[in-house]
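Notes to accompany the following structure.
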Amino acid sequence: MVRRQPVRVRLTVVYAGLFVVTATILLVVVNLLLGAALKSEVAMFEPPEPPKAPADAMSDTEWIQDPEARRRLGDLPGQVLAYQWDVTVIVIAVLGVVSLGIGWIVAGRLLRPLHRITATAQRLSLSNLHERIALDGPRDELKDLADTFDDMLARLERAVDSQSRFVANASHELRTPLAIQRAAIEIGLTDPSPEQLVQVRGQLLDASVRSERLIDGLLLLAQSERGLDVREPVDLDELVRQAAGELDAGDRTMVVDVEPVRVRGDSVLLTRLVANVLQNAIRHNHPGGTVQVCLFADGLLVVRNTGPEVPEERVGELFEPFRRLHSRTRSADGVGLGLSIVASIARAHDAEVSAVPNPGGGLVVSVRFQRDR
């Protein structure tokens with residue numbers, strides 16, 4: 001297996017090679033042009049056949065007529081070019097060595113941010129995900145890479161924190177019905193009278209229902225977080241009518257106003273989304289309150305209910321698993337996963353979910369779907 005050279009070595013070789021090649025081409029072209037110019041200039045001094053002249057006459061060009069002088073003049077371009085080529089070879093060798101050194105330094109400075117990113121990535125673990133590269137300098141590709149890495153670390157930190165809270169909350173939620181079952185069995189069977197057995201039976205059934213709902217909610221949440229493998233056309237207006245008709249609103253008044261809307265997605269998950277939103281609106285409502293369900297033709301689903309006041313700064317908590325407001329009680333009917341499942345299913349369908357407090361009490365939950373065109 002051939003071991004590849006480090007990037008710094010390869011960059012240095014590339015920089016030095018390009019510099020040496022460019023310098024060599026430049027010097028060779030200069031030498032060739034210089035040689036041509038010298039030969040042209042020397043040719044201008046070639047005299048015609050010397051005229052007959054008295055022996056004692058002296059001419060200004062007498063030295064040119066001398067054979068030795070003419071030979072030396074003809075050899076002059078070759079001597080100059082030979083010297084020039086020797087100097088060129090020495091200069092190229094020196095420039096090659098210098099370019100290697102400069103290329104090594106420049107490559108090191110260019111790769112310094114990458115070394116910083118690599119060192120940070122090697123140092124990170126679950127215990128120090130809060131660290132960031134925080135690279136300074138001009139806005140270039142390396143700065144963008146470092147900022148992207150920091151953003152990824154921030155998302156990873158939030159995901160790990162969310163997962164840790166989710167596991168802790170799920171463990172606590174599962175422990176609660178188990179503790180109820182154990183207490184009911186230990187206390188109730190100490191005096192197994194018929195009345196006591198009936199009470200224990202009811203407690204065990206309630207705890208079992210709570211455990212079953214919690215497990216179903218966790219499985220559905222995991223399925224929606226995984227995403228969709230297949231998307232099919234779904235008539236959302238029919239799902240809303242069906243869910244509203246199947247739910248028991250009790251003494252609450254439910255008003256349904258829907259327009260035809262078709263979306264693409266999973267009909268089972270969409271049914272659960274609509275059912276969870278409506279169940280949340282019914283469960284957390286005043287006796288005799290109202291639930292208004294509107295589905296608009298542009299794909300906007302709005303569910304508005306009356307109920308206790310919801311602090312605006314705590315609305316975002318409603319979409320997190322196992323998060324309840326102070327007005328919410330633990331019961332077999334709710335395990336704190338309803339709206340978190342809604343948010344997860346909405347993300348799987350590329351939908352946007354939001355909530356705002358309803359003036360006078362209650363909540364307005366909105367889910368905007370992308371219509372199937």
**OP:** Name the long-range amide H neighbours of Leu337: under 5 Å, sequence gap of 5 or more, or other chain; modelled H, no Pro or chain starts.
**Re:** Phe322
Subject >> Net charge, Asp147 excluded, C-beta distance under 10 Å - Lys, Arg +1, Asp, Glu -1 >> reply: 0
**OP:** Could you go through the range 14-22 in sequence order and give the Karplus-derived ³J(HN,Hα) for each residue, using 6.51 cos²θ - 1.76 cosθ + 1.60 with θ = phi - 60°, rounded to whole Hz, and x for Gly and Pro?
**Re:** 5, 4, 5, x, 5, 5, 5, 4, 5
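Using per-residue counts of other Cβ atoms within 10 Å, averaged over each peptide, order 204-212, 228-236, 343-351 from highest down. The partial results should precede the final answer.
Working: 204-212: 16.1, 228-236: 14.2, 343-351: 21.1.
In descending order of packing, they fall as 343-351, 204-212, 228-236.
FYI, it's all coordinate maths here, none of it is from the lab. Predicted model only: the values in this text are computed from it and were never measured. Using ideal geometry, Cβ is built from the backbone for each residue, glycine included, and neighbour counts are taken over all protein chains shown.
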